[in-house]
1. Which of rounded, prolate, oblate describes segment 166-244, given a ≥ b ≥ c as roots of the alpha-carbon gyration tensor eigenvalues and a/c under 1.5 marking rounded, otherwise prolate only if a/b is larger than b/c?
2. Heavy atoms only, probe 1.4 angstrom, no DNA, RNA or ligands counted: give me 132, 159, 242 ranked by accessible area, highest first.
3. Hey, what did the chain get for relative contact order, percent, Cα under 8 Å, at least 6 apart?
4. Grab the DSSP H runs of the chain that are 4 residues or longer, score each as -39,500 (n - 2.57), total them, divide by all residues and round the 222 nm result to the nearest 500 deg cm²/dmol.
5. Can you tally the net charge around residue 63? Count Lys and Arg as +1, Asp and Glu as -1, for every other residue whose Cβ sits under 15 Å from the Cβ of residue 63.
6. If DNA, RNA and ligands are ignored and the probe is 1.4 Å, what is the ranking of 61, 179 by accessible area, most exposed first?
7. Let me make sure I get this right: for the chain, a, b and c are the square roots of the gyration tensor eigenvalues over alpha carbons, sorted descending. Under 1.5 in a/c it's rounded, otherwise prolate if a/b > b/c, else oblate. Which is it?
8. So, taking all protein chains as they sit and a 1.4 Å probe, how much accessible area belongs to residue 10, in Å² rounded to tens?
Amino acid sequence: MTTEAVPSHRLLTIQSHVVCGYVGNRSATFPSQLLGWDVDVANTVQFSNHTGYGRWGGLRFDAEHLRQLFEGMDQNGLLTQGRVLTGYTPSPEALATVESLISTLRERKPDMIYLLDPVMGDMDRGMYVNPDVLPIYRRMLRLSTIITPNQFEAQVLTDTHIASLESLQRVLEKLHVEFQVPNVLITSVELPDEALVQLGASSKMPDGSPAMLLVGSSWEGRVRPWTLQFPTLGEYFSGVGDLFAALTLCLLYTSPSPRD
């Protein structure tokens, strides 16, 4: 008996790795494979577990390690991916090496689909990487096809606090116009109740469960925003954003024959 093979396409993901748990590449790889992608994995760190435990072991890979890794792939003709995801990269030196790779790939393949997840911090913890990554991320925005910051990261990138629909609009416009990002997904947005009402949303779902607001927009000569509200479990789970970014990249512009 013969079966038709599932179409396979190449995707490169560059972010963290943990031995125990599911964050970074551990969250991204298997779900992407289930969607039919050949996933090439480059780790920016190798930790025993995610840092939320308070204790962990392992290494942060430096810029030279990543440079040698990418050079080896290039020498063997292995940088042929049509889609690329970058996430947690803790040092500015390592991130600059990732930036150089993305610039090279963008020049070689202008239609490459690149998802930039600018992992820097969150509303509760603030910045948890070296702040010197910020200007590098701002440069990398122009290389992206789509970005998936959380609210804290969107605010830091644009130097604009989101406290109303007007300030949210300014953040989206700055990302699209000044930084030339085609597509934006802000993965969690907290707004005052009066702003939520204007969007037809609420801080809670009809059944009383807590709600989360996702804000997206595309640039079509002007900002074209949209929102999606959905229920949450009211708890924090590490790696959810990494999984979301991977699934977004895998499913963006999908067709029977995505570019590879």
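The values are calculated or read from the model by the stated rules, or taken from the named source; none is laboratory data. On a predicted model such as this, the values are computed, not experimentally measured, just so you know. Glycine gets a Cβ as well: all are built from the backbone with ideal geometry, and neighbour counts include every protein chain shown. SASA here: full protein model, heavy atoms, side chains in, ligands and nucleic acids out. Shrake-Rupley method; radii C 1.70, N 1.55, O 1.52, S 1.80 Å.
1. oblate
2. From most accessible down to least: 159, 132, 242.
3. Computed value for the chain: 18 percent relative contact order.
4. Result for the chain, helices only: -9500 deg cm²/dmol.
5. Net local charge, residue 63 excluded: -4.
6. The most accessible residue leads, giving 61, 179.
7. In terms of gyration-tensor shape, rounded.
8. Using a 1.4 Å probe on the heavy atoms, I get roughly 80 Å².
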